[in-house]
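The values are calculated or read from the model by the stated rules, or taken from the named source; none is laboratory data. Please read all numbers here as calculations on a predicted model, not as lab measurements. Positions of Cβ are generated from backbone atoms using ideal geometry, with glycine treated the same way; all protein chains shown enter the neighbour counts.
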Amino acid sequence: MNTDKYTQGPKKEDYLSHIAFDSVIFGFNGKELKILILEYQNTGLFALPGGFVRRNESLDEAVTKGVMERTGIDNLYLEQFHTFGDLNRFDSMAMERILIMNGLDIKAHEWLLDRFISIAYYALINFEEVNPIPDALADSIDWYSLDELPPLIMDHGTIVQRALTTLRDNLDRKLLGMNLLPEKFTMKELQNVYEKILGESFKRTAFQRKMLSANILIRHEKRFTGGAHRAPYLYSFKIQ
């Protein structure tokens, strides 16, 4: 969770009490799977992009606005996947450090030091099409590979793992709505997406049988880039 645009003195009464959101933004360019992570200013603390919900806006509106401010994308499909409310899901010392290093008065922002229940969302986009924008309290915001994630504050590491499991369980459905592949793609390109996101390898023939039997693809003409006998068929997703 972060405090975007709260540097001029957020008023506790403007926000829903003890409710926050965190967004797991997966980025995939066809070869690498990454996650968008913030680094708080002068603290060495890393976190997922997130925020709080104003009393005059819906939860979905708050999340959409927060993610748009971090990614520049205003039509990103976000899906709520879990609510995190463990008793120990707060770190008042870390939050106090963030406030101090940004020159904010602790007493005036004391409500930020309390425990928050966080509603988590995730999305999947092509990270090559995004220029991330840090919030007012962050040194930077950047894409990190799954195997190179820095230690995250509070339970954000748990949130990432839960989001990754959800993404993998719903990959067939998610790919239909994401621009991770060209409109027409080869079976090899599709297999590469599955292998990178699921973190495992598949035999070519077994993967092709699985995808064709799922009845989610339309086969088109061949892609002629060399010898005709090597030209692969092109596919697209059925509109569901």
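Structure above, values below:
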{"read-out": "Filtered residue count, region 120-141, keeping only those that are farther than 24 Å from GLU96 by Cβ and in contact with a Ser or Thr (Cβ under 8 Å, 6 or more places away or on another chain)", "value": "7"}
{"read-out": "Test set (1) modelled with pLDDT under 90; (2) buried (at least 20 other Cβ atoms within 10 Å of the Cβ); (3) in the same structural domain as PHE127 (by TED's automatic domain parsing) - TYR6 fails condition number", "value": "(3)"}
{"read-out": "Filtered residues of region 130-175 (kept if charged (D, E, K, R), touching a residue at least 12 places away in the same chain (Cβ under 8 Å), surrounded by fewer than 19 Cβ atoms within 10 Å (Cβ to Cβ) and in a helix (DSSP H, G or I))", "value": "ARG162, ARG168, ASP172"}
{"read-out": "Exclusive hit being over 23 Å from GLU69 (Cβ atoms), in contact with a helix residue (DSSP H, G or I) (Cβ under 7 Å, 6 or more places away or on another chain) and either at pLDDT below 95 or not basic (Lys, Arg) (or both), set ARG168, ARG219, ARG223", "value": "ARG168"}
{"read-out": "Candidate set from region 42-79 (those that are small (Gly, Ala, Ser) and surrounded by 15 or more Cβ atoms within 10 Å (Cβ to Cβ)); member that is farthest from ASP139 (Cα to Cα)", "value": "ALA62"}
{"read-out": "Selection count where residues are without any contact (Cβ under 8 Å) to a residue 40 or more places away in the chain and within 24 Å of MET154 (Cβ to Cβ), scope region 42-56", "value": "2"}
{"read-out": "Those residues of region 97-119 which are under 26 Å from the mean Cα position of the chain (by Cα) and either within 16 Å of GLY51 (Cα to Cα) or among the hydroxyl-bearing types (Ser, Thr, Tyr) (or both), in sequence order", "value": "ILE98, LEU99, LEU112, LEU113, ASP114, ARG115, PHE116, ILE117, SER118, ILE119"}
{"read-out": "The listed residue being more than 19 Å from the chain's Cα centre (by Cα) and at pLDDT 95 or above, out of SER58, SER92", "value": "SER58"}
